[in-house]
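One structure is given here, and the rest of the page talks about it.
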Amino acid sequence: MNQSIISGLGKYVPENVVTNDDLSKVMDTSNEWIIERTGIETRRHIKKGDGNTTAVMGVKAAKIALERARLTPQDIDLILFATLSPDYYFPGSGVLVQEMLQIPTCPAMDIRNQCSGFVYALATADQFVKTGMYQNVLVIGAENHSGGLDMSTRGRGVSVIFGDGAGAAVVSRYEGSDRGILSSHLHSEGQHAEELSLIGPSTNRWVPEIIAANDPQDTSYYPHMNGQFVFKNAVRRFSEVIIAGLEKNQLTPDQIKLLVPHQANLRISQFVQKKFGLRDDQVYNNIQKYGNTTAASIPIALTEAWEDGLLNEGDVVVLAAFGSGFTWGSTVLKW
Ligand code: UT7
């Protein structure tokens with residue numbers, strides 16, 4: 001039987017550390033407010049001229065993941081790139097990874113599912129591996145938020161949360177049934193698309209239209225989030241989709257070795273932890289250091305958990321995400 005295992009993990013975050021005090025110099029916010037409402041202490045921002053782009057960071061993470069999987073780029077059969085902040089409007093960033101890694105004509109696909117992007121990408125990789133079509137799939141989640149945030153007081157409800165970075169996983173075929181991805185559970189609810197969105201530039205709001213309007217009050221090209229509404233939906237959907245994963249595999253919360261939730265807000269993770277009665281050592285959080293890195297948050301957290309020696313063969317690991325779309329999902333795997 002073909003199973004899909006994660007054979008290598010890697011992460012990259014820009015060197016430039018931005019503290020809450022740094023932010024309070026450019027907008028009306030405070031270290032106390034940000035820590036109390038989100039748990040975030042620092043995040044990383046690309047610095048102009050440091051050479052990083054979404055794809056470049058993805059490649060840096062991917063190279064580490066490949067080395068740890070003991071594979072070369074030539075062993076990769078498919079690239080899946082999850083991001084909401086691609087290098088270009090089109091084409092996607094996956095093709096840039098194909099070029100940078102020099103994998104001749106390797107197929108590349110971008111996954112546009114924001115905070116749930118990595119879980120969606122992992123589920124997609126799993127299908128290609130389980131059907132036998134591909135042996136090794138490179139899954140990347142990467143984001144360059146910092147350049148596109150409204151760093152004035154007007155944007156503080158969003159801008160203090162997001163950070164830049166990338167994580168990568170190599171998903172490989174494993175012949176055996178004692179390890180691998182057990183199930184994925186994916187959902188969407190487009191009626192709430194605009195509650196967490198960036199409307200323009202887009203085909204709804206073309207760049208020439210934005211320029212012609214010349215309206216200083218126009219914030220359509222900044223991310224918009226109805227924070228409290230998103231928060232309420234997040235805690236509900238996180239819980240539901242974790243329950244779905246546990247039930248499908250006849251598992252109970254005490255059997256979870258590690259829950260790696262999308263790092264949206266520390267308060268959301270704590271709510272979920274309490275709901276399932278999980279101990280601190282069963283939930284991995286690193287939002288304190290990196291903020292919310294959207295599609296990159298789970299692979300960055302998973303990489304750090306692995307580096308900390310928290311993932312051993314046979315451990316039950318649950319990944320769960322919720323975000324813009326709304327989209328949400330979970331993955332249950334046996335490490
Ligand atoms: O990753 C994708 C999914 N995203 C999420 O799950 C995020 C979900 N939402 C959240 O995490 C929270 O809603 C936020 C962290 C975004 C906001 O926290 P909140 O506790 O919901 O605050 P709020 O939006 O209700 O704002 C409370 C007050 C407001 O002032 P007034 O109206 O009470 O005077 C805001 O203007 O806090 C103010 N505020 C700030 N104050 C200082 C908003 N942002 C800031 C800020 N610094 N950065």
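The values are calculated or read from the model by the stated rules, or taken from the named source; none is laboratory data. The model shown is predicted, which means the values in this text are computed figures rather than measured ones. Please note: Cβ atoms are built from the backbone with ideal geometry, for glycine as well, and neighbour counts cover all protein chains shown. For accessibility, only protein heavy atoms count, side chains too; no ligands or nucleic acids. Shrake-Rupley method; radii C 1.70, N 1.55, O 1.52, S 1.80 Å.
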Take segment 225-248 and flag every residue that is touching a Ser or Thr at 6+ places or on another chain (Cβ under 6 Å) and either over 22 Å from residue 300 (Cβ atoms) or among the hydrophobic types (A, V, I, L, M, F, W, C) (or both). 241, 242, 248
Filtered residues of segment 104-158 (kept if more than 23 Å from residue 231 (Cβ to Cβ) and among the basic types (Lys, Arg)): 130
Residue check, residue 43 open to solvent by less than 10 Å² (accessible area, probe 1.4 Å), within 15 Å of residue 291 (Cα to Cα), among the basic types (Lys, Arg) and outside the structural domain of residue 328 (by TED's automatic domain parsing): yes
Could you figure out which of (1) out of contact with any strand residue (DSSP E or B) (no Cβ under 6 Å at 6 or more places or on another chain); (2) modelled with pLDDT of 95 or more isn't true of residue 94? (1)
Flag if residue 137 is under 30 Å from residue 73 (Cβ atoms) and open to solvent by less than 40 Å² (accessible area, probe 1.4 Å): yes
I'd like the residue in segment 102-115 that is crowded, with 24+ Cβ neighbours inside 10 Å and more than 13 Å from residue 299 (Cβ to Cβ) and, out of all such residues, is farthest from the chain's Cα centre (by Cα). 113
Could you tell me how many of the residues in segment 200-231 are buried (at least 17 other Cβ atoms within 10 Å of the Cβ) and away from the ligand (no atom under 16 Å from the Cβ)? 2
Going through segment 16-32 one residue at a time, which ones are closer than 17 Å to residue 154 by Cα and surrounded by 15 or more Cβ atoms within 10 Å (Cβ to Cβ)? 20, 23, 24, 27, 29
Given (1) within 13 Å of the ligand (Cβ to nearest atom); (2) more than 26 Å from residue 111 (Cβ to Cβ), number of the condition residue 49 does not satisfy: (1)
What residue, among those in segment 22-60 that are free of Cβ contacts under 8 Å to residues at least 40 places away in the same chain, of a type in the set (Gly, Ala, Ser) and part of a loop (DSSP other than H, G, I, E, B), is farthest from residue 144 (Cα to Cα)? 30
Would you mind stating whether residue 142 is within 30 Å of residue 176 (Cβ to Cβ) and either within 11 Å of the ligand (Cβ to nearest atom) or open to solvent by less than 10 Å² (accessible area, probe 1.4 Å) (or both)? no
Sort out which residues of segment 306-323 are crowded, with 24+ Cβ neighbours inside 10 Å and of a type outside the set (Phe, Trp, Tyr), and write them in order of number. 318, 319, 320, 321, 323
Could you check segment 159-173 and list, in sequence order, the residues that are more than 17 Å from residue 302 (Cβ to Cβ) and part of a strand (DSSP E or B)? 162, 173
Report yes if some residue within segment 80-96 is open to solvent by 10 Å² or more (accessible area, probe 1.4 Å) and in a helix (DSSP H, G or I); otherwise report no. yes
Look at segment 4-39 and say how many of its residues are of a type in the set (A, V, I, L, M, F, W, C) and away from the ligand (no atom under 12 Å from the Cβ). 6
Kindly check whether there is at least one residue in segment 189-199 that is within 23 Å of residue 304 (Cα to Cα), at pLDDT 95 or above, open to solvent by less than 50 Å² (accessible area, probe 1.4 Å) and within 16 Å of the ligand (Cβ to nearest atom). no
From 303, 294, grab the single residue that is away from the ligand (no atom under 16 Å from the Cβ) and open to solvent by less than 10 Å² (accessible area, probe 1.4 Å). 303
Considering only segment 211-229, I want to know if a residue exists there that is outside any strand (DSSP E or B), within 17 Å of the chain's Cα centre (by Cα) and at pLDDT 95 or above. yes
Only one of (1) closer than 22 Å to residue 323 by Cβ; (2) open to solvent by 20 Å² or more (accessible area, probe 1.4 Å) is not met by residue 252, so which one is it? (1)
Residue list for segment 138-158, restricted to those being under 17 Å from the mean Cα position of the chain (by Cα) and either farther than 17 Å from residue 300 by Cβ or small (Gly, Ala, Ser) (or both): 141, 142, 146, 158
